[in-house]
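Q: Let me give you the structure first, and then I'll get to my questions.
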């Protein structure tokens, strides 16, 4: 069984805090997520500094715009030499194809966001304008759309991982957010799982956030998460 690649979420408001957190985590934090909070505060410079240190970067911007704008954003991200970049699969086929074309030949891998892990069935039904929605069905549908448009991976909760495989095939890469160590609070997430569960179900990447980064001893919490993954 393949072992998922852990990614540390740098969900902090400044570059100084991001690098301080990485120092506390130690060399195991060699693949990090830069999301909207940090990127909006610091811009591309923080990505360049991370790459200059040899750190792999998941740029989690969840792009969702007209096809031309998204294509240019993908090109800009490719020039930053990031490993992963997200865009909403619900942006539609034209947007997804434009993004895939823009990424052609680049090192970065695109991931289509399916259903946010903060949304439960009721919130999803309200957003989609339907009486009832099954998250698993929507995730599978969007994963298949992403695959058909040339997007090689998706973001989905651990609970829908098998639905992605059924709908889009074993070759589709899956990144799973909403990871919590056993006993930790879910926070603002609705569909969470442990690192061991993500590993057992075959996730390719998993994002380690507050369970590790907000722990009293982040390095120890990271070591615990890595041990869970290894033992799964």
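The values are calculated or read from the model by the stated rules, or taken from the named source; none is laboratory data. Predicted, not measured: the structure shown is a model, and the values here were computed from it. Glycine also receives a Cβ, built like all others from the backbone with ideal geometry; neighbour counts cover every protein chain displayed.
Q: Is there a residue being in a helix (DSSP H, G or I), buried (at least 24 other Cβ atoms within 10 Å of the Cβ) and either at pLDDT 95 or above or over 16 Å from the mean Cα position of the chain (by Cα) (or both) anywhere in the range 148-160?
A: Looking through the range 148-160, none of the residues is in a helix (DSSP H, G or I), buried (at least 24 other Cβ atoms within 10 Å of the Cβ) and either at pLDDT 95 or above or over 16 Å from the mean Cα position of the chain (by Cα) (or both).
Q: Report whether or not residue 145 is in a helix (DSSP H, G or I), at pLDDT 95 or above and in contact with a helix residue (DSSP H, G or I) (Cβ under 9 Å, 6 or more places away or on another chain).
A: Yes, satisfied.
Q: I need a count of the residues in the range 94-112 that are in a strand (DSSP E or B) and surrounded by fewer than 23 Cβ atoms within 10 Å (Cβ to Cβ).
A: Number of matching residues: 1.
Q: For residues that are more than 30 Å from residue 216 (Cβ to Cβ) and loosely packed, with under 14 Cβ neighbours inside 10 Å, tally how many sit in the range 26-47.
A: Within the range 26-47, residues that are more than 30 Å from residue 216 (Cβ to Cβ) and loosely packed, with under 14 Cβ neighbours inside 10 Å number 2.
Residue-wise test of (1) surrounded by fewer than 21 Cβ atoms within 10 Å (Cβ to Cβ); (2) at pLDDT below 95; (3) not in a helix (DSSP H, G or I).
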position	(1), (2), (3)
174	no, no, yes
189	yes, yes, yes
199	no, yes, no
211	no, yes, no
219	yes, no, no
224	yes, yes, no
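Q: Continuing with the same structure: Scan the range 68-86 residue by residue and report those that are under 20 Å from residue 6 (Cβ atoms) and either over 17 Å from the mean Cα position of the chain (by Cα) or assigned to a loop (DSSP other than H, G, I, E, B) (or both).
A: 82, 83, listed by residue number.
Q: When only residues in the range 51-72 that are out of contact with any helix residue (DSSP H, G or I) (no Cβ under 8 Å at 6 or more places or on another chain) and at negative phi count, which is surrounded by the most Cβ atoms within 10 Å (Cβ to Cβ)?
A: Looking at the filtered set, the residue picked out is 58.
Q: Another question about this same structure. Would you be able to say whether some residue in the range 123-135 is out of contact with any strand residue (DSSP E or B) (no Cβ under 7 Å at 6 or more places or on another chain), at pLDDT below 95 and crowded, with 23+ Cβ neighbours inside 10 Å?
A: yes
Q: If you don't mind, another one. Here are 23, 11: which of them is farther than 16 Å from residue 99 by Cα and surrounded by fewer than 16 Cβ atoms within 10 Å (Cβ to Cβ)?
A: None of the other options fit; the residue is 23.
Q: Mind listing whichever residues of the range 109-140 are under 23 Å from residue 61 (Cβ atoms) and without any contact (Cβ under 8 Å) to a residue 40 or more places away in the chain?
A: Residues satisfying the conditions are 116, 124, 127, 128, 138, 139.
Q: Out of the residues in the range 113-122 meeting the condition of being in contact with a strand residue (DSSP E or B) (Cβ under 8 Å, 6 or more places away or on another chain) and modelled with pLDDT of 85 or more, tell me which one is surrounded by the fewest Cβ atoms within 10 Å (Cβ to Cβ).
A: 113
Q: Check 203, 168 and return the single one that is crowded, with 23+ Cβ neighbours inside 10 Å, out of contact with any strand residue (DSSP E or B) (no Cβ under 6 Å at 6 or more places or on another chain) and either modelled with pLDDT of 90 or more or farther than 25 Å from residue 20 by Cα (or both).
A: It is 168.
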